[in-house]
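S.K.: Before I ask anything, let me first share the structure, which is written out below as structure tokens.
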Amino acid sequence: MFSIKSQVESGCLTSVPPKYVFDKSSSNCISSEAETIPTIDVSLLTFGTPDQRSKVIQDIGNACRDWGFFMIINHGVPETLRDEMLKGCQSFFNLTEEEKKEFSGKQLFDPISYGTSFNTNIDTSFFWRDYLKVWVHPNLRAPHKPAGFSETVREYSKRTREVASELVRGISESLGLEERYIEKTYDLEVGSQLLVVNLYPPCPEPEVAIGLPPHTDHGILTLLMQNELSGLQVMHNGKWVPVNDPPPNSFLVNMGDHMEILTNGKYKSVVHRAVVNNKETRISLGTAYGPPLDTVVSPAPELVDCESYGSAYRGIKYRDYLVLQKANHLDSKSCLDRVRI
Ligand code: OGA
Ligand code: NI
């Protein structure tokens with residue numbers, strides 16, 4: 001399967017090929033209100049006074065409930081490491097197709113996979129993105145090229161995992177649970193971490209193609225960063241809110257499907273999509289945190305409200321959920337519908 005990068009660089013694409021035309025008409029309403037995704041100073045979780053800490057936990061709870069997305073600042077991941085990681089990813093995609101070939105045609109649980117669109121075996125229209133996916137925890141096998149990349153991936157994964165753990169503790173408390181409840185119940189310390197790097201080359205007709213169609217993410221939560229170009233849009237109150245000017249050195253955090261399951265729907269996994277532009281290549285890097293692959297995630301009994309409906313989701317092994325998601329169209333109804341009771 002040809003990468004979209006190589007097709008764009010061949011210089012032959014003056015319009016979007018039919019296979020890449022994506023019909024956005026069913027939901028394409030862009031929010032005109034000046035709404036901004038909340039920003040959370042996560043350093044207050046660790047270094048704040050008790051009052052600041054409880055305030056930030058409350059803010060996290062509100063952001064999770066009202067948006068399912070928020071930005072974090074003062075997270076402690078050095079800017080130099082973020083830059084190095086972006087450069088490393090760029091250099092990976094800049095390897096020749098021949099050099100990247102050993103990572104392509106891989107299966108869902110292979111340690112490293114390089115490809116295009118989402119699942120080219122079933123995608124009815126293709127997405128304007130190439131990807132690199134690396135399972136970075138509990139076992140890391142990062143690409144051995146370009147030189148030095150695997151060390152950067154290792155360090156970046158470790159540092160972002162620390163931030164994610166801190167956030168999960170804050171989220172646990174925001175739900176009225178013990179700080180370590182979520183990480184202990186779902187074994188997050190030995191959990192899975194999947195790094196997904198998306199490369200969106202410039203597109204001659206950005207309005208007729210899509211980088212990533214509307215979808216939700218699997219896992220507990222995702223941390224996302226990008227190069228200087230925006231493209232992410234978040235569904236909020238039935239409209240798309242573009243994430244245009246994230247604060248410098250921030251990460252975007254979003255709740256995953258397994259957060260929705262374990263909170264019994266209190267914190268929803270929110271639909272988002274990536275649009276493309278006709279100017280420059282956009283790169284985004286997501287790291288998804290989840291439990292170990294064989295852990296069954298079901299609603300935490302403490303969060304099942306007996307007076308109302310009881311459990312709203314059936315338990316499912318993380319591994320089986322991932323298989324289910326991959327076998328479905330990414331932009332079809334959320335895979336969560338398969339586990340709703
Ligand atoms: C993803 C994703 C958004 C972006 O990788 O799941 O939603 O902005 N990426 O690239
Ligand atoms: Ni996503």
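The values are calculated or read from the model by the stated rules, or taken from the named source; none is laboratory data. These numbers come from a predicted model, not from an experiment. No Cβ is skipped: glycine too gets one built from the backbone with ideal geometry, and neighbour counts run over all protein chains shown.
S.K.: Which residues, counting only those in the stretch 29-51, are acidic (Asp, Glu) and either modelled with pLDDT under 95 or assigned to a helix (DSSP H, G or I) (or both)?
M.R.: Within the stretch 29-51, 33, 35, 51 meet the criteria.
S.K.: If you don't mind, another one. Taking only the stretch 126-170 into account, find how many residues are among the aliphatic types (A, V, I, L, M) and closer than 24 Å to residue 273 by Cβ.
M.R.: Result for the stretch 126-170: 4.
S.K.: Take residue 167 and tell me if it is in contact with a Lys or Arg (Cβ under 7 Å, 6 or more places away or on another chain), in contact (Cβ under 8 Å) with a residue 12 or more places away in the chain and away from ligand 1 (no atom under 16 Å from the Cβ).
M.R.: It is false that residue 167 is in contact with a Lys or Arg (Cβ under 7 Å, 6 or more places away or on another chain), in contact (Cβ under 8 Å) with a residue 12 or more places away in the chain and away from ligand 1 (no atom under 16 Å from the Cβ).
S.K.: Let me ask you something else. Could you count how many residues in the stretch 37-60 are closer than 18 Å to residue 255 by Cβ and either among the hydroxyl-bearing types (Ser, Thr, Tyr) or in contact with a Cys (Cβ under 8 Å, 6 or more places away or on another chain) (or both)? Give the steps one after another, and end with the answer.
M.R.: Looking only at the stretch 37-60, we keep the residues that are closer than 18 Å to residue 255 by Cβ, and these are 37-40, 42, 45, 56-60.
Within this subset, residues satisfying the condition of being either among the hydroxyl-bearing types (Ser, Thr, Tyr) or in contact with a Cys (Cβ under 8 Å, 6 or more places away or on another chain) (or both) are 39.
Of the residues in the stretch 37-60, 1 are closer than 18 Å to residue 255 by Cβ and either among the hydroxyl-bearing types (Ser, Thr, Tyr) or in contact with a Cys (Cβ under 8 Å, 6 or more places away or on another chain) (or both).
S.K.: Restricting the stretch 1-34 to residues that are under 28 Å from residue 235 (Cα atoms) and hydrophobic (A, V, I, L, M, F, W, C), which is farthest from the chain's Cα centre (by Cα)?
M.R.: So, considering only residues that are under 28 Å from residue 235 (Cα atoms) and hydrophobic (A, V, I, L, M, F, W, C), the one farthest from the chain's Cα centre (by Cα) is 16.
S.K.: I'd like the full set of residues that are farther than 27 Å from residue 79 by Cβ and within 15 Å of ligand 2 (Cβ to nearest atom), limited to the stretch 237-249.
M.R.: 240
S.K.: Being part of a loop (DSSP other than H, G, I, E, B) and within 16 Å of ligand 2 (Cβ to nearest atom) is the filter; apply it to the stretch 184-217 and report the residue that is surrounded by the fewest Cβ atoms within 10 Å (Cβ to Cβ).
M.R.: 216
S.K.: Only one of 65, 154, 141, 82 is under 24 Å from residue 228 (Cα atoms), charged (D, E, K, R) and touching a residue at least 24 places away in the same chain (Cβ under 8 Å). Can you tell me which? Show your work before the answer.
M.R.: Numbers: 65 fails: under 24 Å from residue 228 (Cα atoms); 154 fails: touching a residue at least 24 places away in the same chain (Cβ under 8 Å); 141 fails: under 24 Å from residue 228 (Cα atoms).
Residue meeting the stated conditions: 82.
S.K.: Take residue 141 and tell me if it is under 30 Å from residue 44 (Cβ atoms), basic (Lys, Arg) and either surrounded by fewer than 22 Cβ atoms within 10 Å (Cβ to Cβ) or at pLDDT below 95 (or both).
M.R.: no
S.K.: So, one more: Can you tell me how many residues within the stretch 250-266 are within 16 Å of ligand 2 (Cβ to nearest atom) and either surrounded by fewer than 24 Cβ atoms within 10 Å (Cβ to Cβ) or within 16 Å of residue 66 (Cα to Cα) (or both)?
M.R.: The number of residues fulfilling the criteria is 8.
One line per residue, one yes/no per condition, for (1) touching a Ser or Thr at 6+ places or on another chain (Cβ under 9 Å); (2) acidic (Asp, Glu); (3) farther than 23 Å from residue 169 by Cβ:
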site: 266; (1), (2), (3): no, no, no
site: 271; (1), (2), (3): yes, no, yes
site: 276; (1), (2), (3): no, no, yes
site: 281; (1), (2), (3): no, no, yes
site: 286; (1), (2), (3): yes, no, no
site: 296; (1), (2), (3): no, no, no
site: 300; (1), (2), (3): yes, no, no
site: 314; (1), (2), (3): yes, no, yes
site: 318; (1), (2), (3): yes, no, no
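S.K.: Now for a different question. Out of the residues in the stretch 34-61 meeting the condition of being among the acidic types (Asp, Glu) and loosely packed, with under 14 Cβ neighbours inside 10 Å, tell me which one is nearest to residue 174 (Cα to Cα).
M.R.: 51
S.K.: Continuing with the same structure: Between a residue in the stretch 221-244 that is free of Cβ contacts under 8 Å to residues at least 12 places away in the same chain and at negative phi and any residue that is away from ligand 2 (no atom under 13 Å from the Cβ) and assigned to a strand (DSSP E or B), which pairs come within a Cβ distance under 9 Å, given they are 6 or more apart or on different chains?
M.R.: Cβ pairs passing all conditions: 228/282.
S.K.: Is it the case that the stretch 141-160 has a residue that's within 16 Å of ligand 2 (Cβ to nearest atom) and touching a strand residue (DSSP E or B) at 6+ places or on another chain (Cβ under 6 Å)?
M.R.: Within the stretch 141-160, one or more residues are within 16 Å of ligand 2 (Cβ to nearest atom) and touching a strand residue (DSSP E or B) at 6+ places or on another chain (Cβ under 6 Å).
The rows are residues; the columns are (1) acidic (Asp, Glu); (2) modelled with pLDDT under 95; (3) touching a helix residue (DSSP H, G or I) at 6+ places or on another chain (Cβ under 7 Å).
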{"residue": "223", "(1), (2), (3)": "no, no, yes"}
{"residue": "230", "(1), (2), (3)": "no, yes, no"}
{"residue": "239", "(1), (2), (3)": "no, yes, no"}
{"residue": "245", "(1), (2), (3)": "yes, yes, no"}
{"residue": "253", "(1), (2), (3)": "no, no, yes"}
{"residue": "260", "(1), (2), (3)": "yes, no, yes"}
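S.K.: Across the stretch 1-28, what is the total count of residues that are in a loop (DSSP other than H, G, I, E, B) and surrounded by 10 or more Cβ atoms within 10 Å (Cβ to Cβ)?
M.R.: Adding up the residues that qualify gives 13.
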